1. Please work out which one of (1) out of contact with any Gly (no Cβ under 9 Å at 6 or more places or on another chain); (2) more than 15 Å from Leu14 (Cβ to Cβ) is the condition Ser205 fails and give its number.
2. Could you say which residue among Pro51, Pro56 is in contact with a Pro (Cβ under 7 Å, 6 or more places away or on another chain), touching a residue at least 40 places away in the same chain (Cβ under 8 Å) and surrounded by 17 or more Cβ atoms within 10 Å (Cβ to Cβ)?
3. For segment 102-116, indicate whether the set of residues that are more than 19 Å from Met166 (Cβ to Cβ), in contact (Cβ under 8 Å) with a residue 12 or more places away in the chain and surrounded by fewer than 16 Cβ atoms within 10 Å (Cβ to Cβ) is non-empty.
4. With (1) surrounded by 16 or more Cβ atoms within 10 Å (Cβ to Cβ); (2) within 20 Å of Leu146 (Cβ to Cβ); (3) aliphatic (A, V, I, L, M); (4) in contact with a Phe, Trp or Tyr (Cβ under 9 Å, 6 or more places away or on another chain) as the list, and Leu29 as the residue in question, which single condition is left unmet?
5. In this structure, is Val125 β-branched (Val, Ile, Thr), within 20 Å of the chain's Cα centre (by Cα) and modelled with pLDDT under 95?
6. Among the numbered criteria (1) over 30 Å from Met67 (Cα atoms); (2) surrounded by fewer than 21 Cβ atoms within 10 Å (Cβ to Cβ), which single criterion is violated by Asn170?
7. Which residues, counting only those in segment 1-20, are surrounded by fewer than 23 Cβ atoms within 10 Å (Cβ to Cβ) and among the β-branched types (Val, Ile, Thr)?
8. All but one of (1) under 16 Å from Thr57 (Cα atoms); (2) touching a Ser or Thr at 6+ places or on another chain (Cβ under 6 Å); (3) at pLDDT below 95 hold for Asn170; state the number of the condition that does not hold.
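The values are calculated or read from the model by the stated rules, or taken from the named source; none is laboratory data. These figures come from a predicted structure and were not determined experimentally. Reconstructed Cβ throughout: ideal geometry from the backbone, glycine too, with neighbour counts over all protein chains shown.
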Amino acid sequence: MNDLLQSLGVSLALALVTTVILLLLTPPLAWWLARSSSRLRAPVEALVALPMVLPPTVLGFYLLLAMAGEGFLGEAWNGLTGTPLAFTFSGLVIGSVIYSLPFVSQPLAASFRTTSDTLLEAAAVLGDSPVRRFLRLVLPLHRRALVAAGVLGFAHTLGEFGIVLMIGGNIPGETRVLSILLFDQVESLNYAAAHITALLLLGFSLLALTVTYSTLSRRP
């Protein structure tokens, strides 16, 4: 039970930190993807969506190389903090932000595409700057999409396995999340404990989808 609570704590902390970072960084990116006519939009959109089709172990492998002592991320992190990045909670956060990015950015971009040009033009006539329009008009209009995207990002982070194992390993209290604990329990044939861990992950996933669909289907 102690292992379960410890892994649950790491999982929830990782999902929460990742979701907060994504909700701060992703809306401007999603707005640009939804509204830009730049030739760079398609390749940038493909790059953002890449974690959805790329095997997690492939992404984890390259992130591990980048986070290693001689990698550009690992070297920069060590220079700033004096600590390594690979196989740490901080490394997991970076990997999770990259891996869960499309699950937050795509719902937001789809919602942003429905924004009325007339409404934006009216706000511009009243003297609102683009930043002010985005913060005080666009984001409040799409608050339900923000909630849904945040819930999806949170749930997706909770279920990560391959990328977590590659860049975080299996360190109790540091990088061992629920999905890694479940793998350990099955590998050791401890199916009774594995059932509890699997049910927790199943419950979180079902709850996240219920909240997402109920939020998106609710009338304004």
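1. Here Ser205 meets the rest and fails (1).
2. On the way: Pro56 fails: in contact with a Pro (Cβ under 7 Å, 6 or more places away or on another chain).
Going through Pro51, Pro56 in turn, just one is in contact with a Pro (Cβ under 7 Å, 6 or more places away or on another chain), touching a residue at least 40 places away in the same chain (Cβ under 8 Å) and surrounded by 17 or more Cβ atoms within 10 Å (Cβ to Cβ): Pro51.
3. Looking through segment 102-116, at least one residue is more than 19 Å from Met166 (Cβ to Cβ), in contact (Cβ under 8 Å) with a residue 12 or more places away in the chain and surrounded by fewer than 16 Cβ atoms within 10 Å (Cβ to Cβ).
4. Every listed condition holds for Leu29 apart from (4).
5. On the way: β-branched (Val, Ile, Thr): yes; within 20 Å of the chain's Cα centre (by Cα): no; modelled with pLDDT under 95: yes.
Answer is no for this residue.
6. (1)
7. Val17, Val20
8. All conditions pass for Asn170, except number (2).
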